[in-house]
Protein chains: 2
Amino acid sequence: MPTSSKSKKEAKRLAAERRAELLAQLKDLGDKAYTDLNAGQFPQFTFPSRSVSNIVYDSKLKQYILGKTNVKRSSGNIKHIRPFTQLLWLAFFADKLVHQGKTSTLRDVYYSSQAYNMEFVDQAESDEIITDLEAVLSRAREQLKIYPEERSAIFGDLTIEYTVPGYEGNRLNLSSHPDGYLIGPSLSTAEFVDTSAEMIIAVEKGGIFTRFVEEKVHKRYKAILIDTAGQPPRSTRYMLRRLNKELNLPVYIMSDGDVYGEHIAMVIISGSANAAHLRDLTVPTAKWVGVWASDVVRYKLPTDPMTEADIKRAQELKKDPRYTGGVWQRELDIFLKIKRKSELEAFSKYGLTFIVDNYLKEKMQEAKSL
Amino acid sequence: MPTSSKSKKEAKRLAAERRAELLAQLKDLGDKAYTDLNAGQFPQFTFPSRSVSNIVYDSKLKQYILGKTNVKRSSGNIKHIRPFTQLLWLAFFADKLVHQGKTSTLRDVYYSSQAYNMEFVDQAESDEIITDLEAVLSRAREQLKIYPEERSAIFGDLTIEYTVPGYEGNRLNLSSHPDGYLIGPSLSTAEFVDTSAEMIIAVEKGGIFTRFVEEKVHKRYKAILIDTAGQPPRSTRYMLRRLNKELNLPVYIMSDGDVYGEHIAMVIISGSANAAHLRDLTVPTAKWVGVWASDVVRYKLPTDPMTEADIKRAQELKKDPRYTGGVWQRELDIFLKIKRKSELEAFSKYGLTFIVDNYLKEKMQEAKSL
């Protein structure tokens, strides 16, 4: 169903609202330190522990979440002073980024700390503190303008309105450039204004994405196409969730016919254990439509043997609570039985357009009953 | 200097001309087989050998080229029948792709062969034959519509006109989407219509590309920005060459402060040994502006120690003919002396905008005398 078009004023209001909420949260964090000090107490932060023992699977939310154990970073504890200070500095730095409308990367944050004589032994340590701040705020680092290096892409009839400085209020329809538009900081923070699309189709590979554009999948299925470029970066998972929630569009995922492909779909749907402290990165209603192990058999696809590592991974996933029942267990079992794997490109055996004209068509038909 | 705008008619004519030349060349290849047969001879192909002993450095062209040794694939030689047939089939398949305006990937070609009962043991074998066909035609596989999986990106004031089916004649200015436009089959084959840009600046990383857009490098330097996403895929090197030649714009390259960064710049400028059979992938006049080993010292950048592998690589490159003299040898020597490496993000030590406001500015000044 097409959504109603969003007015420029409305788009601007929503973006401003989102920004104000975030800045208020950061300000509260700083205020709390002052309040503690004024009350003659050592400032401290309390937030959910991300230790393995506190990561539990929530079968209702269909994702990993953090349990009830909290950790404390107190400036009154000599062992805590370092991470406490780092966390406070990071909140200050994120506040700066948001105020200035500048983006950065995990790597940038590590080096930026040196401008403030803030010490991190290595990037692993600053990455850890960034995740702590995510847990404190319950917000993904992308909202704090800290982005990953990897970028995936999008194509289709979707009009967006930018909220980044220099482009605020500009609108763009994402169907003019058939090679695709990178999903970076500007797109992740844009408002969705208008679309005629009725679904999202995410594929794992750039080559297949291009094939889909060439074969007009976006028109034939009224779809917005996403190239996840392998395991999608978190900003792309966040984007998929927004497209799903805000535009009320179903999401279909097509990945390689191997356990890693199956897991790409799973992470889009149910998230990952190391993002258990976040809620904005899953698409619980998304559907994995292929390539299933059973498709590998059914379509007599060219295959390669599974390696020892592939088999081990499949056995691990079989015990993973996210993989309980349904298509997930069934397909893992078939992978372990046939011990073969395949790829999206393997359909080219039947001609370049078979994957769209036949496979996608049949799977989308099947998906209706999933 | 801004180029004069290209008319739609002119853009269309150029694209048609390019396509006709390619198709004529493929037709000649098939014709030759028939001519041989009619003359009672076994059809055969002759093309330059790509064996290591036939790869020589041309100091005038400043790139590796193939020497005078030729190889033959004759249908009259039982050992040659397999690669001869594979090559002929590939030419037929490429002709189909070009006629239908469809793109494919190396992986696709491997699987597509099975639709024709054409046997390749694995993708390595089909990749090899694709390179043979490149050598036969002296054309990069991208012209035959065979693309790599990796994609890099572009941003800036450049109006292009698409030549791919479904978008022919459509024009797009590449400055509306600040996250960047993927450089895929559509962009690689587009005509360049109009630009106000006076230079091209290529950077190695998506995060720095975004920083450059945010800090308006495209406006401050009247530049078209390219994110090479590491070692640029060949379609991006081809794109850089076209921007340089067709728009008469200088190309500047900024990569990480390590031997791999130096080599990224070198490959853009002088190409790689395994593309010695091609001439359309180098930008001999491009300039590597940083991050030099001497910059690592001069700017007191945060560094990591070079690994054994890094040191070995630097020693190898020192003997490489492309690295003779000038900045290339000097910087390798400094890397080997300091035994430290750095990254573009390391400038964040001095604040997020230092890399643009200071470093880029100083290096572009310096580049004038390079």
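Structure summary
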| read-out | value |
| --- | --- |
| Which listed residue, of B:I253, B:I268, is part of a helix (DSSP H, G or I), crowded, with 18+ Cβ neighbours inside 10 Å and either touching a residue at least 40 places away in the same chain (Cβ under 8 Å) or not small (G, A, S) (or both) | B:I268 |
| Evaluation of B:P302 against (1) over 24 Å from the mean Cα position of the chain (by Cα); (2) free of Cβ contacts under 8 Å to residues at least 24 places away in the same chain (one fails), failing number | (2) |
| Meets criteria (buried (at least 16 other Cβ atoms within 10 Å of the Cβ) and not assigned by TED's automatic domain parsing to the domain that holds B:R322) for B:L61 | no |
| Selection from segment A:69-90 of residues that are in a loop (DSSP other than H, G, I, E, B) and hydroxyl-bearing (S, T, Y) | A:T69, A:S75 |
| Residue in segment B:181-194 that is over 20 Å from the mean Cα position of the chain (by Cα), more than 7 Å from every other protein chain (Cβ to nearest Cβ), surrounded by fewer than 22 Cβ atoms within 10 Å (Cβ to Cβ) and not acidic (D, E) present | yes |
| Failed item, numbered, when A:F93 is tested on (1) among the hydrophobic types (A, V, I, L, M, F, W, C); (2) over 16 Å from A:R19 (Cα atoms); (3) within 13 Å of another protein chain (Cβ to nearest Cβ); (4) assigned to a helix (DSSP H, G or I) | (2) |
| Scope segment B:40-68; condition assigned to a strand (DSSP E or B) and more than 20 Å from B:L29 (Cα to Cα); matching residues | B:I55, B:V56, B:Y57, B:D58, B:Q63, B:Y64, B:I65, B:L66 |
| Filtered residues of segment B:278-294 (kept if of a type in the set (A, V, I, L, M, F, W, C) and under 12 Å from the mean Cα position of the chain (by Cα)) | B:L278, B:L281, B:V283 |
| Residues located in segment B:1-58, provided they are in contact with a Pro (Cβ under 8 Å, 6 or more places away or on another chain) and surrounded by 15 or more Cβ atoms within 10 Å (Cβ to Cβ) | B:A33, B:D36, B:N54, B:Y57 |
| Hits in segment B:161-174 (condition: facing another protein chain (nearest Cβ under 10 Å) and either under 20 Å from B:V98 (Cβ atoms) or part of a loop (DSSP other than H, G, I, E, B) (or both)) | B:Y162, B:V164, B:P165, B:G166, B:Y167, B:N170, B:L174 |
| Residue in segment B:195-206 that is buried (at least 24 other Cβ atoms within 10 Å of the Cβ), part of a helix (DSSP H, G or I) and in contact with a strand residue (DSSP E or B) (Cβ under 8 Å, 6 or more places away or on another chain) present | yes |
| Residue check for B:A115: hydrophobic (A, V, I, L, M, F, W, C) and touching a residue at least 60 places away in the same chain (Cβ under 8 Å) | no |
| Matching residues, segment B:102-126, being in a loop (DSSP other than H, G, I, E, B) and over 15 Å from B:L88 (Cβ atoms) | B:K102, B:T103, B:V121, B:D122 |
| Of all residues making up segment B:135-166, the number that are small (G, A, S) and farther than 26 Å from B:E204 by Cβ | 3 |
| Qualifying position, being surrounded by 22 or more Cβ atoms within 10 Å (Cβ to Cβ) and in the same structural domain as B:K27 (by TED's automatic domain parsing), among B:Y110, B:Y116 | B:Y110 |
| Every pair of residues 6+ apart whose Cβ atoms lie under 7 Å, when the first sits in segment A:126-154 and is over 12 Å from A:T105 (Cα atoms) while the second is among the aromatic types (F, W, Y) | A:D132/A:F47; A:A135/A:F47; A:V136/A:F45; A:V136/A:F47; A:A140/A:Y238; A:A153/A:Y181; A:A153/A:F209; A:I154/A:Y181 |
| Selection count, segment B:133-151, where residues are surrounded by 23 or more Cβ atoms within 10 Å (Cβ to Cβ), at the interface with another protein chain (Cβ under 8 Å from one of its Cβ atoms) and outside any strand (DSSP E or B) | 1 |
| Filter pass, A:R330 being in a helix (DSSP H, G or I), buried (at least 17 other Cβ atoms within 10 Å of the Cβ) and not hydrophobic (A, V, I, L, M, F, W, C) | no |
| Set B:I78, B:I154: member being more than 10 Å from chain A (Cβ to nearest Cβ) and modelled with pLDDT of 90 or more | B:I78 |
| The listed residue being in a helix (DSSP H, G or I), within 27 Å of B:S112 (Cβ to Cβ) and more than 14 Å from chain B (Cβ to nearest Cβ), out of A:K361, A:K318, A:K337, A:K349 | A:K361 |
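Conditions tested, residue by residue: (1) touching a helix residue (DSSP H, G or I) at 6+ places or on another chain (Cβ under 8 Å); (2) outside the structural domain of A:T282 (by TED's automatic domain parsing); (3) of a type in the set (D, E); (4) over 19 Å from A:R139 (Cα atoms).
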site: A:G30; (1), (2), (3), (4): yes, yes, no, no
site: A:T46; (1), (2), (3), (4): no, yes, no, no
site: A:S53; (1), (2), (3), (4): no, yes, no, yes
site: A:I65; (1), (2), (3), (4): no, yes, no, no
site: A:G76; (1), (2), (3), (4): no, yes, no, yes
site: A:R82; (1), (2), (3), (4): no, yes, no, yes
site: A:A91; (1), (2), (3), (4): yes, yes, no, no
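The values are calculated or read from the model by the stated rules, or taken from the named source; none is laboratory data. Keep in mind it's a predicted model, so treat the numbers as computed, not measured. All Cβ positions, glycine included, derive from the backbone under ideal geometry; neighbour counts span all protein chains shown.
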